[in-house]
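Asker: One structure, as structure tokens, below. Some questions next.
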Amino acid sequence: MSVNFSLDYFALFGLPRRFDIDEAELDRAWHALQAEVHPDRHVHLPGSERHRAMRGALRVNEAYATLKKPLSRARYLLDLAGVDADEIDNVAMASGFLIEQMEWREAVEEARAFGDVDALEQLALRLRMRVDEVTTLLAEQFDSRENREAAADTVRRLMFLDRLRCDIDDGLAALDD
Amino acid sequence: MTLLQIAEPGMSAAPHQHRLAAGIDLGTTNSLVATVKNGIAVCLSDEEGRALMPSIVHYRGDGGLDAGHAALGARVADPRNTIVSVKRFMGRGFADVAHIETMPYVFEETPGMLRLRTVQGSKSPVEISAEILRALRLRAEASLGGELAGAVITVPAYFDDAQRQATRDAARLAGLHVLRLLNEPTAAAVAYGLDNAVEGVYAVYDLGGGTFDLSILKLTRGVFEVLATNGDAALGGDDFDHRLYCWALDQARIAPPSAEDTRRLQMKAREVKELLSMSEEAPFRLRLGPGVSVDLTVSRAAFSEMTKPLVQKTLVPIRRALRDAGLSVRDIKGVVMVGGATRMPHIQRAVAAFFGQEPLTNLDPDKVVALGAAMQANVLAGNRKPGDGGWLLLDVIPLSLGLETMGGLSEKIVPRNATLPVARAQEFTTYKDGQTAMAFHVVQGERELVADCRSLARFELRGIPPMAAGAARIRVTFQVDADGLLSVSARETGTGVEASILVNPSYGLADSEIADMLRAGFERAGEDLAARNLREQQVEAGRLLEAVAQALAVDGGLLDAPERAAIDAAMARLRGLIDSPGDAPALAGGIAALARATEEFAARRMDRSIRAALAGQKIGEL
Ligand SMILES: Nc1ncnc2c1ncn2[C@@H]1O[C@H](COP(=O)(O)OP(=O)(O)O)[C@@H](O)[C@H]1O
Ligand SMILES: [Mg+2]
């Protein structure tokens, strides 16, 4: 195998298995690995070896895409620990968060309905701050307290916030033209 | 080649042996070919010193054909058989092309990609583009004094899979070995970034004759990473001409013009548009059919006003790309302007206003794409000097790939702006007992409804082992390679049975059609297809032998004696096959045998280089 498929994504990039990672380090390791396996480096290989390099390049990109974003990184950490974030049901979630969800939804839907670009951008900004808070909490839960149950709950919140961001972006994209 | 490149990717096997490689900018309006000579990228000119070749093909009544400058005169004299801006038709159906009613061609409303009826019969846009590429290949080979080992062809970043596939097919028909399809803004960034040794986040604004691209790239230590790309594959200088053309028709109050007059008016519109980049006012004066003439004057301000919606239209992709990259205009260190249409002052003003900085116009907007492509072709062909770490291009897929699901919805499988190459797998199951086949519809685009996306292909999986309904687990893998081209594979995970896939491209040519066109092309050129195949195999075999020898010299120590003996034997056999005037299949067999014999060796070498990369030994070289 060109890239050791038995390694987890963190090990592949030579990073410690943590939520809080050094993003610059991740980028550097990604570039260094792609410099070896990228198809551009193997244009003249016979088919079988181009495929080998291609499998490596695909794996490296998949690993990078997973670790780069906090949400997919967190889900991957849960995966490695054998916890499925999707299985935790909504009922168990704090009612405070459910109310917050509804408020966000309403605000986004209203801004979209009125075609209010400023309001959507304002919401996007607020959302970014909220996501930062939640990711900080996640780092604590994963890395210092090592409380995976709590982390799984926080991941669910982050999933919701991520969907909200997609909605806001879609709303803004629709108002672009 | 093989093993060698693993040790020193892209480094030349024998330093003195330079492989002829070219970068080709296949433009809507103009095409160019460039190469790296003595370490410097240069555009290759024709005998009259012209680098730009008009992307025009004239099918003559006498069976002959003109491409480029030679076809210019026929635009008015024989509009029906003189094809301009054929790039707009690549991978597109009749219903997709804007302003098709003002075009002087006879279209055939075939399903899938449209076709044109010419005096020489029915022509696909792929065949017409191939004529332009062929002319450029001949120019390069005459100028460089030998056959090209390979070429990098540029495409708009926002081209979808069908348009890319059509371009690749055209190159094949033109007798080119395609090293890579390279996105135009990325090629421009390579030329600009390497020339100016810049670092940071840059935007490339590329407005050509028929396409608009906006790419955001991060340049760090020899890595060109595309963060996001967006654009409009049907927006360019041609649309500005069209506005002016409609305005002139309206002002002059003339009846719908003939095909010849339409051409005249369109050419005049382009001329006036270009003049207005230099002066405040330009005459729109033209004598048409008997007794009809146009005598108008256009001011820059009026032109700018009538084309404002087009300028605004280019700002939409910028906003989207910024949003996808998670950046704001303040994060953009510079804006590189590419494409002839960026010479329009109101474009430059709009871009400056949007980004809050003057765009970078200190490079030749016509040539920079071809130059970047030539630099990349040079590296891919293996012409790097020892010790030159080269650079790395990490590009993205411009539009999401989706699968049609119940209710005509598209379920996204690969998101836009994913770094290439990328693969995503999806699992499906059968819904009937004993079901052995399954159909998929793959689309590209961001919209929710399949009907609003581009249909790419319908796939049919066959050979699924018969099982009870719901028992089969079919894992379908969608893979997009570095050219941005999709391939699909499938297997039943329980039994490991590989399902065969029947691909029906919605807007592409079937392999059999390409094969027929290839054969016809060779016949016309008086070449023998079999002889050419054999020659290619011989070159390939030579390369492989050279690479293995080089790798053994450096890393022979990774092998024990029996392993070494097996490789030596396979090399000797292949050498024998090259020397004896044999047939292509035997030679192909020998190549495959040597590749197999060295597989484990290659794996060990690559493992080692990966470990070295992780240990940080190679990072400094980037
Ligand atoms: N001075 C100019 N002012 C305005 N438009 C120009 C000028 N020079 C070239 N163009 C336009 O640029 C377009 C061609 O640009 P080019 O980069 O060659 O396109 P492509 O890559 O699509 O072939 C044409 O629409 C042409 O009219
Ligand atoms: Mg161009």
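Asker: Condition first: open to solvent by 10 Å² or more (accessible area, probe 1.4 Å) and over 19 Å from the mean Cα position of the chain (by Cα). Now tell me which residues in the range B:228-241 satisfy that.
Answerer: Selection gives B:Asp238, B:Asp239, B:Asp241.
Asker: With the structure loaded, tell me whether B:Arg180 is closer than 23 Å to B:Pro421 by Cα, open to solvent by 10 Å² or more (accessible area, probe 1.4 Å), assigned to a helix (DSSP H, G or I) and in contact (Cβ under 8 Å) with a residue 12 or more places away in the chain or whether it fails that test.
Answerer: Working: closer than 23 Å to B:Pro421 by Cα: yes; open to solvent by 10 Å² or more (accessible area, probe 1.4 Å): yes; assigned to a helix (DSSP H, G or I): no; in contact (Cβ under 8 Å) with a residue 12 or more places away in the chain: yes.
No; evaluated as a whole, the condition is false for this residue.
Asker: Considering every residue within the range B:428-443, establish whether at least one is open to solvent by 20 Å² or more (accessible area, probe 1.4 Å) and within 14 Å of chain A (Cβ to nearest Cβ).
Answerer: No, because not a single residue in the range B:428-443 is open to solvent by 20 Å² or more (accessible area, probe 1.4 Å) and within 14 Å of chain A (Cβ to nearest Cβ).
Asker: A follow-up question, please. Could you pull out the residue among B:Arg330, B:Arg349, B:Arg323 that is in contact with a strand residue (DSSP E or B) (Cβ under 9 Å, 6 or more places away or on another chain) and either in contact (Cβ under 8 Å) with a residue 60 or more places away in the chain or more than 16 Å from ligand 2 (Cβ to nearest atom) (or both)? Before you say what the answer is, go through the steps one by one.
Answerer: Details: B:Arg330 fails: in contact with a strand residue (DSSP E or B) (Cβ under 9 Å, 6 or more places away or on another chain); B:Arg349 fails: in contact with a strand residue (DSSP E or B) (Cβ under 9 Å, 6 or more places away or on another chain).
Result: B:Arg323 is the single residue among B:Arg330, B:Arg349, B:Arg323 that is in contact with a strand residue (DSSP E or B) (Cβ under 9 Å, 6 or more places away or on another chain) and either in contact (Cβ under 8 Å) with a residue 60 or more places away in the chain or more than 16 Å from ligand 2 (Cβ to nearest atom) (or both).
Asker: Specify which of the listed residues (A:Ala113, A:Ala119) is of a type in the set (A, V, I, L, M, F, W, C), within 30 Å of B:Ser328 (Cβ to Cβ), without any contact (Cβ under 8 Å) to a residue 24 or more places away in the chain and open to solvent by 50 Å² or more (accessible area, probe 1.4 Å). First the steps, then the outcome.
Answerer: Working: A:Ala119 fails: open to solvent by 50 Å² or more (accessible area, probe 1.4 Å).
Result: A:Ala113 is the single residue among A:Ala113, A:Ala119 that is of a type in the set (A, V, I, L, M, F, W, C), within 30 Å of B:Ser328 (Cβ to Cβ), without any contact (Cβ under 8 Å) to a residue 24 or more places away in the chain and open to solvent by 50 Å² or more (accessible area, probe 1.4 Å).
Asker: Which members of the range B:309-341 meet the condition of being within 16 Å of ligand 1 (Cβ to nearest atom), away from chain A (no Cβ under 14 Å) and surrounded by fewer than 22 Cβ atoms within 10 Å (Cβ to Cβ)?
Answerer: B:Gly340
Asker: Residues being open to solvent by less than 20 Å² (accessible area, probe 1.4 Å) and within 16 Å of ligand 1 (Cβ to nearest atom): count how many of those fall in the range B:358-417.
Answerer: Count: 7.
Asker: A:Arg59: closer than 16 Å to B:Gln479 by Cα, in a helix (DSSP H, G or I), at pLDDT 90 or above and within 13 Å of chain B (Cβ to nearest Cβ), yes or no? Break it down into steps so the answer makes sense when it comes.
Answerer: Working: closer than 16 Å to B:Gln479 by Cα: yes; in a helix (DSSP H, G or I): yes; at pLDDT 90 or above: yes; within 13 Å of chain B (Cβ to nearest Cβ): yes.
Considered against the rule, which asks whether it is closer than 16 Å to B:Gln479 by Cα, in a helix (DSSP H, G or I), at pLDDT 90 or above and within 13 Å of chain B (Cβ to nearest Cβ), A:Arg59 comes out as yes.
Asker: Under the condition of being away from ligand 1 (no atom under 16 Å from the Cβ) and in contact with a helix residue (DSSP H, G or I) (Cβ under 9 Å, 6 or more places away or on another chain), which residue from the range B:48-60 is farthest from the other protein chains (Cβ to nearest Cβ)? Working first, answer last.
Answerer: Of the residues in the range B:48-60, the ones away from ligand 1 (no atom under 16 Å from the Cβ) are B:48-49, B:58-60.
In the following step, the residues that additionally are in contact with a helix residue (DSSP H, G or I) (Cβ under 9 Å, 6 or more places away or on another chain) were identified as B:48, B:58-60.
Working: B:Glu48: 34, B:His58: 35, B:Tyr59: 35, B:Arg60: 38 Å.
Across the range B:48-60, the extreme among qualifying residues is B:Arg60.
Asker: Tell me which residues, restricted to the range B:196-218, are away from ligand 2 (no atom under 16 Å from the Cβ) and either open to solvent by 10 Å² or more (accessible area, probe 1.4 Å) or hydroxyl-bearing (Ser, Thr, Tyr) (or both).
Answerer: Within the range B:196-218, B:Asn196, B:Ala197, B:Val198, B:Glu199, B:Gly200, B:Val201, B:Tyr202, B:Lys218 meet the criteria.
Asker: If you don't mind, there's one more thing I want to ask. Which one of these is away from chain A (no Cβ under 14 Å), within 16 Å of ligand 1 (Cβ to nearest atom), within 30 Å of B:Ala187 (Cα to Cα) and over 31 Å from the mean Cα position of the chain (by Cα): B:Leu207, B:Leu276? Spell out the reasoning first.
Answerer: Working: B:Leu207 fails: over 31 Å from the mean Cα position of the chain (by Cα).
On inspection, the qualifying residue turns out to be B:Leu276.
Asker: Tell me, which strands (runs of 3 or more DSSP E) wholly within the range B:26-75 include 3 or more residues that are within 16 Å of ligand 2 (Cβ to nearest atom)? So that I can check it myself, show each step before the final result.
Answerer: On the way: elements: B:30-37, B:40-43, B:56-59, B:65-67.
Where strands (runs of 3 or more DSSP E) fall fully within the range B:26-75 and carry at least 3 residues being within 16 Å of ligand 2 (Cβ to nearest atom), they are B:30-37.
Asker: Taking the range B:202-215 only, how many residues are part of a strand (DSSP E or B) and farther than 19 Å from B:Gln348 by Cβ?
Answerer: Here is the first cut: in the range B:202-215, the residues part of a strand (DSSP E or B) are B:202-207, B:212-215.
From the residues that got through so far, the ones that are farther than 19 Å from B:Gln348 by Cβ too are none.
Here the count works out to 0.
Asker: Residues that are over 30 Å from A:Arg41 (Cβ atoms) and modelled with pLDDT of 85 or more: list the strands (runs of 3 or more DSSP E) wholly contained in the range B:438-534 that include at least 2 such residues. Outline the logic, then answer.
Answerer: On the way: elements: B:438-444, B:454-462, B:474-480, B:486-492, B:498-505.
It comes to B:438-444, B:454-462.
Asker: What is the residue count in the range B:76-99 for residues that are in a loop (DSSP other than H, G, I, E, B) and closer than 17 Å to B:Gly27 by Cβ?
Answerer: Our first condition is that a residue be in a loop (DSSP other than H, G, I, E, B); within the range B:76-99, this holds for B:78, B:85, B:90-93, B:97-99.
Checking which are closer than 17 Å to B:Gly27 by Cβ leaves us with B:85, B:90-92.
Total satisfying the criteria: 4.
Asker: So, one more: Here are B:Leu275, B:Leu244: which of them is at pLDDT 95 or above and surrounded by 22 or more Cβ atoms within 10 Å (Cβ to Cβ)? Even if it seems obvious, please write down each step before you answer.
Answerer: Numbers: B:Leu275 fails: surrounded by 22 or more Cβ atoms within 10 Å (Cβ to Cβ).
B:Leu244 is the lone residue from the list that is at pLDDT 95 or above and surrounded by 22 or more Cβ atoms within 10 Å (Cβ to Cβ).
The values are calculated or read from the model by the stated rules, or taken from the named source; none is laboratory data. Keep in mind the model is a prediction, meaning the values are calculated, not measured. Note that each Cβ is placed from the backbone with ideal geometry, even for glycine, and that neighbours are counted across all protein chains shown. Just so you know, the surface numbers come from the protein's heavy atoms only, side chains and all, with ligands and any DNA or RNA stripped out. Shrake-Rupley method; radii C 1.70, N 1.55, O 1.52, S 1.80 Å.
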